[in-house]
1. Tell me, what is the 1.4 Å probe accessible area of ILE93, in Å² to the nearest 10?
2. Return the inverse of the average 1/r over all pairs of distinct C-alpha atoms in segment 15-58, which is the Kirkwood hydrodynamic radius, in Å to one decimal.
3. At 1.4 Å probe size, with every protein chain present, just tell me what the per residue accessible area of segment 1-69 comes to in Å².
4. For segment 1-66, which GluC sites (Glu not before Pro) pass both filters: DSSP loop (anything but H, G, I, E, B) and at most 11 other C-beta atoms within 10 Å?
5. Enter the accessible area of TRP38 (Å², nearest 10), with the probe set to 1.4 Å and all protein chains included.
6. Show that you can apply the helix-only estimate: for the chain, add -39,500 (n - 2.57) for every DSSP H stretch of four or more residues, divide by all residues, and state [θ] at 222 nm to the nearest 500.
7. So for the chain, averaging the separation of alpha carbon pairs under 8 Å that are six or more residues apart and normalising by length, what relative contact order in percent results?
8. In the full protein assembly as shown, how much of LEU111 is accessible to a 1.4 Å probe, in Å² to the nearest 10?
Amino acid sequence: MQENQISPSEWEIMRVIWTNYPISGKEVNEILKEKKEWKLATTKTLIGRLVKKGMLSTEKRGRKFEYSPLVTEKESMDESIEDLLNQICNTKISDSIETILEKRTLSKSELEQLEIIIKKKKETAPEEVVCECTPGQCDCAH
Ligand SMILES: [Zn+2]
């Protein structure tokens, strides 16, 4: 796992902080109480890791520490999608997008927006996507 990658547990914490900052560790733990049943120490450990990764800023207010995000939710989402896409063959990206479209519910207006993007992409799309994998890591013909 890369240094700046966020684990599933860390995502849970970040989502609370993106929505509620500045916020103390205790308050984060309170919000996630029913969903995760983490002890306060666990929440604090996860927050500590996120501080180390440079994703949260710390500010002392009175006797407690409060945390705020140093990266936006959108930046983090884009980064983890980029990481995922870098792990798969260029020729299989379309399969992954199909899986998302089939498995998840999207609204009419969201789908219309995607149609616009697809239409625009089609104008400059190549006939075939080129595989850039290391030989031996995929069975595309090189
Ligand atoms: Zn490939």
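The values are calculated or read from the model by the stated rules, or taken from the named source; none is laboratory data. On a predicted model such as this, the values are computed, not experimentally measured, just so you know. Cβ atoms come from the backbone with ideal geometry, glycine included; neighbour counts cover every protein chain shown. Protein only, heavy atoms only, side chains kept; ligands, DNA and RNA dropped before computing areas. Shrake-Rupley method; radii C 1.70, N 1.55, O 1.52, S 1.80 Å.
1. 40
2. Values: mean 1/r = 0.0950 Å⁻¹.
10.5 Å is the Kirkwood radius here.
3. Values: 4610 Å² over 69 residues.
Value returned for segment 1-69: 67 Å² of accessible area per residue.
4. GLU3, GLU37
5. The accessible area of TRP38 comes to roughly 50 Å².
6. Numbers: 6 runs with 81 residues, N = 142.
-18000 deg cm²/dmol, from helical runs alone.
7. Taking the mean separation of contacting Cα pairs over the length of the chain, I get 20 percent.
8. We get 70 Å² for LEU111.
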